[in-house]
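For reference, the structure is listed below as structure tokens.
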Amino acid sequence: MIIHGPSPAELPVLRDIERAAGEPFRGLGMASIADDEPPSLEQLSGFLRAGRLLAAYEEREPAGTSTNRDRDTAGPPIGYLLWEPVDGCTHIEQVSVHPDHAHRRIGRALIDRAERDSGPGALTLTTFAEVPWNAPYYTRLGFRVLADAELTPGLRAIRAHEAALGLDRWPRVCMRREAGRSDSGP
């Protein structure tokens with residue numbers, strides 16, 4: 001697997017990945033999540049310009065002798081991650097993997113790479129507490145649920161925004177992983 005920032009021309013593919021990754025929510029009675037519009041091209045471009053957008057690619061046979069080996073040997077993006085600094089931490093804003101490539105540790109690889117690229121400090125995220133590929137998955141990656149008293153002002157603001165969007169219709173949690181605590185298990 002290859003992970004790096006996508007090219008601007010690949011940003012529409014990331015929106016397609018997001019739509020496909022949202023479909024499994026429909027089976028949990030969360031159609032509004034499945035139908036939610038992915039980040040706009042403008043939003044994705046902003047993350048890309050800021051250096052806070054990573055994409056995962058399957059490695060394929062080398063296409064030539066170019067000095068940019070990663071781009072020559074990678075197919076189209078199969079997953080992506082957006083992050084932003086929040087209260088001294090790296091906050092994972094979004095991580096999505098196309099369902100055709102699920103269960104291959106791509107999300108884990110994107111999160112671990114974001115941790116390396118963003119510098120020292122903990123990782124945080126907000127997610128659905130009861131969706132199997134959300135909080136239970138992140139727990140396996142070394143994240144823990146934060147108690148209300150542990151929420152920073154930035155996390156409180158994010159949660160308030162999510163509530164305003166109606167995401168609290170289903171239980172949500174804030175999670176944190178201390179720097180260097182990635183789990184290499186299955």
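Descriptive notes on the structure:
- Other-chain or far-sequence residues with amide H under 5 Å of Leu146's (modelled H): Cys174, Met175, Arg176
- For q = 0.10 Å⁻¹, Debye-computed log10 I/I(0) when each Cα of the chain counts as one equal scatterer: -0.39
- The 3J(HN,Hα) values that the Karplus relation (6.51, -1.76, 1.60; θ = phi - 60°) gives for segment 92-109 are, in residue order, 6, 6, 7, 9, 9, 10, 4, x, 5, 10, 5, 6, 10, 6, 6, x, 4, 5 Hz. Gly and Pro appear as x.
- Segment 107-173 and segment 17-60 have Cα centres spaced 16 Å apart.
- Peptides 47-53, 33-39, 123-129, ordered by how many other C-beta atoms sit within 10 Å of their residues on average, highest first, read 123-129, 47-53, 33-39.
- Extension gain, Asp100 to Ser7, is 31.3 nm, computed as 0.36 nm per intervening residue step minus the present C-alpha separation.
Each value in this text was obtained by applying a stated rule to the coordinates, not by laboratory testing. Remember, it's a predicted structure, so these values are computed and weren't measured experimentally. Neighbour counts are summed over all protein chains in view; Cβ atoms, including those assigned to glycine, are modelled from backbone coordinates with ideal geometry.
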